[in-house]
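Below is one structure, written out as structure tokens; the observations come after it.
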Amino acid sequence: MKAIILAAGLGTRLYPLTKEKPKCLMEVKGKPLLQWWFELFEKYKVDEVLVNTHYLSGQVESFIKQYKGNVKISTTFEEKLLGSAGTIRENINYVENEEDFYIVNADNITNINLEKMLAYHKEKHSDFTLGIFHTNKPGECGIVEVGKGNRVTDFIEKPDCPKSNLANAGIYIVNKAALPCFRKEQNVDIGKDVLPQLINNMYAYFVKEYLLDIGTPDNYEKANREFMDK
């Protein structure tokens, strides 16, 4: 099985911590975020991982070259940021022969049980499974509404008037049936452009394990205080 890690962001919310280091290499409990993801994928038998790069890409390439794990890691450099959906579109040949694959945001720290999420995805025969969590700041997140059996009935990116507190966790399992949604040139962002097209054809999976977006200084400090790899 394969995974794509979205890691090319500028990390502006973490500035000045990201002035000389890309966000995906920020350390939590002594390990860069990318290493946490590589080890998590290896634990759950993901064989190959693709990482997109842009900001301070040389540092990311150097880290990957010296990484000693058993996952096969490739990179794709974006001279100009393509957006999350654009990255998938431009690298669709990497995953088009996979029945299912993962997409994750590099700036999340989590110890999610991917085996359970994958089993849920297959049980639901889902085109797209979206990790979700309860948030106390729904106006700052992609917000999900779910119906019977956790089928996603609506998705709005950072709504002015949120109708729920169920937020996009930035962890996805994609079935090949959903790939046409990524092929469209006008689709740049997964949250804004792709997920609304999959309403009623995707399911929400509640992430019960630790999950935190480290994209702000407060959350970065919080992760270093709280996170435990279980």
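What follows is calculated from the coordinates using simple rules that are stated; it is not laboratory data. Predicted model, so just to flag it, every value in this text is computed and none were measured. Cβ coordinates were reconstructed from backbone atoms using ideal geometry, including for glycine residues, and neighbour counts include every protein chain displayed.
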(message) Given the DSSP H assignment, sum -39500 (n - 2.57) over each helix run of at least 4 residues in the chain and divide by its residue total; what's the result at 222 nm in deg cm²/dmol, nearest 500?
(response) -6500 deg cm²/dmol
(request) Using θ = phi - 60° and the Karplus relation 6.51 cos²θ - 1.76 cosθ + 1.60, list the HN-Hα couplings for segment 93-98 in order, rounded to whole Hz, with x at every Gly or Pro. (result) 5, 5, 10, 5, 9, 8
(message) Rounded to whole Å, give me the distance from the Cα center of segment 175-194 to that of segment 150-166.
(response) 19 Å
(message) Report the Cα centroid-to-centroid distance between segment 83-131 and segment 29-55 in angstrom, as an integer.
(response) 14 Å
(message) Given all pairs of different Cα atoms, what value in angstroms does the Kirkwood hydrodynamic radius of segment 2-226 take?
(response) 17.7 Å
(request) Report the net charge of residues surrounding residue 47, where surrounding means a beta-carbon distance below 15 angstrom and charges are Lys +1, Arg +1, Asp -1, Glu -1. (result) -3
(message) Under 8 Å for C-alpha pairs, at least 6 residues apart: give me the relative contact order for the chain, rounded to a whole percent.
(response) 24 percent
(message) With a 10 Å cut-off between alpha carbons and a GNM built on the chain, which of 24, 181, 161 moves the most?
(response) 161
(request) Sort 121, 54 so that the residue with the fewest other Cβ atoms within 10 Å of its own Cβ comes first and the one with the most comes last. (result) 54, 121
(request) At most 13 other Cβ atoms within 10 Å and a DSSP loop assignment: could you name the trypsin sites (Lys or Arg not before Pro) in segment 58-104 that fit? (result) 68, 80
(request) Determine the shape class of segment 1-115: with a ≥ b ≥ c the square roots of the Cα gyration tensor eigenvalues, call it rounded for a/c under 1.5, and otherwise prolate if a/b is greater than b/c, oblate otherwise. (result) oblate
